[in-house]
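Have a look at the structure below, then the notes.
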Amino acid sequence: MQRVELKIKYNRQLIPNIYEMCLEGDVSDIRQPGQFVNVAVDNLYLRRPLSVCDYNEHELTLLYKVVGRGTTRLSLMHEGQEVDILSGLGNGFTTDVPYSNILLAGGGIGIAPLYKLAKELKSRGKKLSVALCFNTESEIFYDTAFKEIGLNDVYIVTVDGSRGHKGFVTDLIRQQQQMFGYFYACGPMPMLKALCQEVNCPGEVSLEARMGCGFGICMGCSIETTKGSQRICKEGPVFKKEDVVW
């Protein structure tokens, strides 16, 4: 973990309430897809934890949803402003798994950490199927971004059927009748629970939670696992499928 000042390269709205922010500076502490950062917001005591969507040696991309005062203020920040960030937090996804046919499933803003993961797995020659899940067509974002990195099997799932497959990600998996060797997922808890119960292969889930400190001191984001109480911010946010007690 390191505290850094990063400069906003751009901060743009993708769809209503969903923003993409690109920051420039020292992001060397981010080493795994699935890690997160904790962003300071002016005049608010608690930082806002945001999943890392993409990164390279000098840039960091974040996706976030405007849901309250903190993210509303983030959405009003502009190019050139500096942002105080705790970087390189949490444990990310395992990318050296010995499986070739892999499923990535993201629900809503939970698709954010899967983007860099998809790029990493593709560079390792893995066959990827990506399921992006939303309530309705107007909430869809980043589907083109996944296709632009050369992924052919990018599926849209909407609960109301307004675009793509109707229902939930588990419905899509049943329809496709594919056998996966491994899966990665991030999204709402009911979605993750259903995947873990219905997909007959090992996998990893990235959990979301309200956080106090973001680095393991306050214990406010603890969950029950087969290994005892663990912190989403410290031992997570990524956990093995079999370790989470639902």
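Nothing in this text is a laboratory measurement; each read-out follows from the coordinates by a stated rule. Keep in mind that what you see is a predicted model, and the values were worked out from it rather than measured. Here Cβ is always computed from backbone atoms with ideal geometry, including for glycine, and neighbour counts include all displayed protein chains.
If I go through the range 112-142 residue by residue, how many of them are under 19 Å from residue 162 (Cα atoms) and of a type in the set (A, V, I, L, M)? Matching residues across the range 112-142 total 4. Please determine whether any residue of the range 159-174 is within 17 Å of the chain's Cα centre (by Cα), in a strand (DSSP E or B), surrounded by 15 or more Cβ atoms within 10 Å (Cβ to Cβ) and touching a residue at least 24 places away in the same chain (Cβ under 8 Å). The answer is no, given that none of the residues of the range 159-174 is within 17 Å of the chain's Cα centre (by Cα), in a strand (DSSP E or B), surrounded by 15 or more Cβ atoms within 10 Å (Cβ to Cβ) and touching a residue at least 24 places away in the same chain (Cβ under 8 Å).
Across the range 194-210, the qualifying residues are those that are not in a loop (DSSP other than H, G, I, E, B) and not charged (D, E, K, R), and the one among them that is nearest to residue 98 (Cα to Cα) is 203.
Scanning the range 118-131 for residues that are of a type in the set (Ser, Thr, Tyr) and part of a helix (DSSP H, G or I) gives a single hit, 123.
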